Amino acid sequence: MCYSALVRQNLTWLAKRYGAEVAWELFQDLFRRRVDDDGVQFSRALDVHVMQMTEEKARVSQDYIEQYRAKQARAWEQELFKQRKRLVDAQRKLQIKETKAARNDERIATEKMAALSGKLSNLHSEQIAGDDARIFPKKYYVPVVTNDGDRLVIRPMRYLCRLPGKPATYDELYKGCYNARRDNLNGFWSGLYGKNHGVIVVDSFFENVPRHLYEKRELAPGERESNVVLHFNPNTGVPMTIACLWSHWTHPREPALYSFAAITDEPPPEILATGHTRCIVSLKEENVREWLSPEQVSKERLEQILSDRVTPYYEHRIAA
């Protein structure tokens, strides 16, 4: 299961690469909602790219990003004040008597103050680094290139697919629906497969792997299973075009939801050797246009496209 990934989110680059239009009204609505709704999240990379745009269509979204940043700054400044007080109180106690609790408060306050100061100083930076482009399931919305009749559209979609007609509680019942198993495309996913296709562009991805499997051993007596996070990178250094399915969910009393799942298949040997059993499907560029026009090709051809995929060697390391 690809539970996290570093995703290309430059709308101008995506639009030019695929000849797609940006659905600005959808981005604007989500940027507006995010100001007051913690259930809507974008990665910092998208904010930076949108703020750098000069197109008039981006202006409204830029205003909402500024409002969100101002709210974040206020929250972080308030938390920074609390941690400064915690540090002062801990140091005052330590001057009187050495205690484990006071020393722990001193350490935690110092670490949190450093993290908060970094966030504040980075809030308006135009540099993108580290995990700025990283996305996670459930709350994160991602630019997805999607089919829409005879045109391609870039829509912001949540990384956890909710099928049409299902209740909102579906998200909790099927928490793994951010990935769509290839061997179930004609079953569970049959309402979307062959109809609603999309792609995201991924540089690398992260997987949770049982530690004992990664270490190639059995669980010790009394040992509880735990995970290690592995960061997989294609050795080509070329971004991967990942096959996706998407859904447009509507309800008369709730906001409409665009959401998607990345298709996964059997992993190559180097991923299987780590103890992980799935891998996202990276399409060949010459097949992307057909993948994004699913109603114009046969199911047999779609299966060929998924089989005839890019197969780099995936290097990995334990994520920090």
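Quick check: the angle from helix 24-34's long axis to the longest principal axis of the chain, C-alpha only, nearest 10 degrees?
30
Dipole magnitude of region 44-129 about its Cα centre, charges +1 at Lys/Arg Cβ and -1 at Asp/Glu Cβ only, in debye to the nearest 20?
680
Can you sort Val35, Val142, Val48 so the residue with the fewest Cβ neighbours within 10 Å comes first?
Least to most surrounded, the residues fall as Val35, Val48, Val142.
Let me know the Rg and Dmax you get for region 170-253 when you use only its Cα atoms, in Å.
So, for region 170-253, Rg and Dmax equal 17.6, 53 Å respectively.
Just one of (i) 21.1; (ii) 19.8; (iii) 21.7 is Kirkwood radius over Cα pairs in Å as worked out from the coordinates here. Which one is it?
(iii)
Pairs of Cα atoms under 8 Å, at least six residues apart: use those to get the relative contact order of the chain, whole percent.
20 percent.
Among Lys284, Lys93, Lys57, whose mean-square fluctuation peaks in a Gaussian network model of the chain (Cα, cutoff 10 Å)?
Top of the fluctuation ranking is Lys93.
GNM on the chain, C-alpha springs below 10 Å: top fluctuator among Val199, Val209, Val22?
Evaluated over the chain, the most mobile residue of the options is Val209.
Of Pro164, Gly176, Leu213, whose Cα points farthest to the positive end of the dipole of region 137-224 (charges on the beta-carbon: +1 Lys, Arg; -1 Asp, Glu; origin at the Cα centre)?
Pro164
Could you put His231, His124 in order, starting from the residue whose Cβ has the fewest other Cβ atoms within 10 Å?
So the residues, fewest neighbours to most, are His124, His231.
Among Pro167, Pro221, Pro156, which one shows the biggest mean-square fluctuation in a GNM of the chain, springs joining Cα atoms closer than 10 Å?
The residue with the greatest mean-square fluctuation here is Pro221.
Using +1 on the beta carbon of Lys and Arg, -1 on that of Asp and Glu, and nothing else charged, what's the dipole of region 278-320 about the Cα centre, debye to 20? Let's see the in-between values first.
Values: 7 positive and 8 negative charges, 42 e Å.
The dipole magnitude comes to about 200 debye.
Among Ala133, Ile108, Val60, which residue has its Cα furthest toward the positive end of the charge dipole of region 53-196, with +1 on Lys/Arg Cβ and -1 on Asp/Glu Cβ?
Ile108
Roughly what angle does helix 59-96 make with the longest principal axis of the chain, taking Cα atoms, 0 to 90 degrees, to the nearest 10?
Helix 59-96 sits at roughly 30 degrees to that axis.
Here, each number is a calculation from the coordinates, and none is a lab measurement. A quick note: this is a predicted structure, and the numbers were derived from the prediction, not measured. Note: ideal-geometry Cβ built from the backbone for every residue, glycine included; neighbour counts use all protein chains shown.
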